[in-house]
Amino acid sequence: MTMQPLLQVKAISKEFPVYQGQVFKKKTYVTQAVKSVSFDIFKGETFGLVGESGCGKTTVCRAILQLTPLTSGAVFYKGNCLSGMAKKELRKVRRHMQIVYQDPFASLNPRTKVRDIIGEPLVIHKLTQNRSEYKDRVEAMMTMVSLNPAISGRYPHEFSGGQRQRISIARALTVNPDFLVLDEPVSSLDVSIQAQIINLLEEIREKFSLTYLFIAHDLAVVHHISKRVAVMYAGEIVEIADRQNLYGNPSHPYTKALLAALPIPDPQASYKDENAMLQGGNGVMEHHAGCKFYVRCPARRHLCQVKKPVLKKVNQHDHMMACHLGES
């Protein structure tokens, strides 16, 4: 019996119009941030989504949570389609789907005390009966993320970056969600603090049987926390595999280039693959019928320019890749 995914992302696309003019704005062209992205996330797993800055990772997470309307495609949560759902029904679903943002300072109201920041979701979803229950819940959340409840009357600017991210995590957990979107939650933190937050997230996931979508551009962090990983380039998924296959046997030239660029402690044992080196610019604005990675790809050929590759299995381990490598 096949397990039903908790979250299904089916061929979602998002376009943003670009305007010119100060007064009489005229739409000049449309930029496609995300194109036909599909993947499934199963209950209890951590699904990593990686790629360079600007590739569309955050747009995907915002589309999943219906924070930005889709141009096409659909998102299903527990079998229910979120696209086009009424606001009242969507609010009920959002209680079970929470997000932790990249910048913990920008995502916290600087004029609101920490106890009210953490407790705000309780008020919105009407989950407490009285002030005492509200206070107990906030204190329990602060204790869970290793923050002293005695300092709940302080403001965000009085905390360090790592502490602010713990506040963000506590706020997300207050409503007992099933699914968390973690949008580069450690990228703005020091390396030592990153490890603490990652360990905290893993402990919380195991304790509450949570499911994570972990978005990052740091492959080392994703390797540590994720069970399966999707690699994104220029708004499209180019490879999906479990972490052992992806890191041990990368198939797509872009994935190979990302792994080859990872710094490691022993330079003599580094992954040196001259064929993994990228060429030219990023190629995102190049207009041709084929692969978006064509301009930078060290293994490109004419077929790549004229025919768009589709995501398909490359071995028996559910390893999928969108590339013409190996085709005749």
| Count of the range 303-327 residues which are within 23 Å of Arg228 (Cα to Cα) and either surrounded by fewer than 16 Cβ atoms within 10 Å (Cβ to Cβ) or without any contact (Cβ under 8 Å) to a residue 40 or more places away in the chain (or both) | 10
| said: Suppose we filter the range 7-28 for residues that are farther than 19 Å from Ile225 by Cα and either touching a Pro at 6+ places or on another chain (Cβ under 7 Å) or touching a residue at least 12 places away in the same chain (Cβ under 8 Å) (or both); how many remain? | reply: 12
| Do we have Phe47 as modelled with pLDDT of 95 or more, within 22 Å of Asp183 (Cβ to Cβ) and within 22 Å of the chain's Cα centre (by Cα) here? | yes
| Selected residue (criterion: nearest to Gln316 (Cα to Cα)) from residues of the range 246-302 that are modelled with pLDDT under 85 and crowded, with 19+ Cβ neighbours inside 10 Å | Ala276
| Residue check: is Val60 among the β-branched types (Val, Ile, Thr) and at pLDDT below 90? | no
| note | For the range 176-195, pairs from a residue that is of a type outside the set (Asp, Glu) and modelled with pLDDT under 95 to a residue that is buried (at least 18 other Cβ atoms within 10 Å of the Cβ) and assigned to a strand (DSSP E or B), with Cβ under 7 Å and 6 or more apart or across chains, are Pro185/Val100; Ser187/Ala216
| query | Do we have any residue at all in the range 103-111 that's farther than 27 Å from Val186 by Cβ and either of a type in the set (A, V, I, L, M, F, W, C) or modelled with pLDDT of 95 or more (or both)? | reply | no
| How many residues are assigned to a helix (DSSP H, G or I) and free of Cβ contacts under 8 Å to residues at least 12 places away in the same chain when one looks only at the range 128-148? | 6
| remark: Taking the range 232-247 and keeping residues farther than 22 Å from Arg205 by Cβ and in contact with a Pro (Cβ under 9 Å, 6 or more places away or on another chain) leaves Val238, Glu239
| Looking at the range 84-106, which of its residues are part of a strand (DSSP E or B) and either of a type in the set (Asp, Glu) or more than 22 Å from Arg154 (Cβ to Cβ) (or both)? | Met97, Gln98, Ile99
| request: Test Ala74 against the stated conditions and say whether it is closer than 23 Å to Ile215 by Cβ, aliphatic (A, V, I, L, M) and part of a loop (DSSP other than H, G, I, E, B). | output: no
| Counting only residues that are among the acidic types (Asp, Glu) and assigned to a helix (DSSP H, G or I), how many does the range 184-210 have? | 3
| remark: Here the residues within the range 222-239 that are on the phi < 0 side of the Ramachandran plot, assigned to a loop (DSSP other than H, G, I, E, B) and either surrounded by 19 or more Cβ atoms within 10 Å (Cβ to Cβ) or free of Cβ contacts under 8 Å to residues at least 24 places away in the same chain (or both) are Ser226
| field | Yes/no for Asp242 being at pLDDT 85 or above and surrounded by fewer than 17 Cβ atoms within 10 Å (Cβ to Cβ) | value | yes
| request: State which residue is farthest from Phe105 (Cα to Cα) when the search covers only the range 127-173 and only residues that are in contact with a strand residue (DSSP E or B) (Cβ under 7 Å, 6 or more places away or on another chain) and either among the small types (Gly, Ala, Ser) or surrounded by fewer than 20 Cβ atoms within 10 Å (Cβ to Cβ) (or both). | output: Ala172
| task | Inspect all residues belonging to the range 107-120 and state whether any of them is touching a residue at least 60 places away in the same chain (Cβ under 8 Å), surrounded by 14 or more Cβ atoms within 10 Å (Cβ to Cβ) and part of a loop (DSSP other than H, G, I, E, B). | result | yes
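The values are calculated or read from the model by the stated rules, or taken from the named source; none is laboratory data. The structure displayed is predicted, hence computed values, not measured ones. Cβ atoms come from the backbone with ideal geometry, glycine included; neighbour counts cover every protein chain shown.
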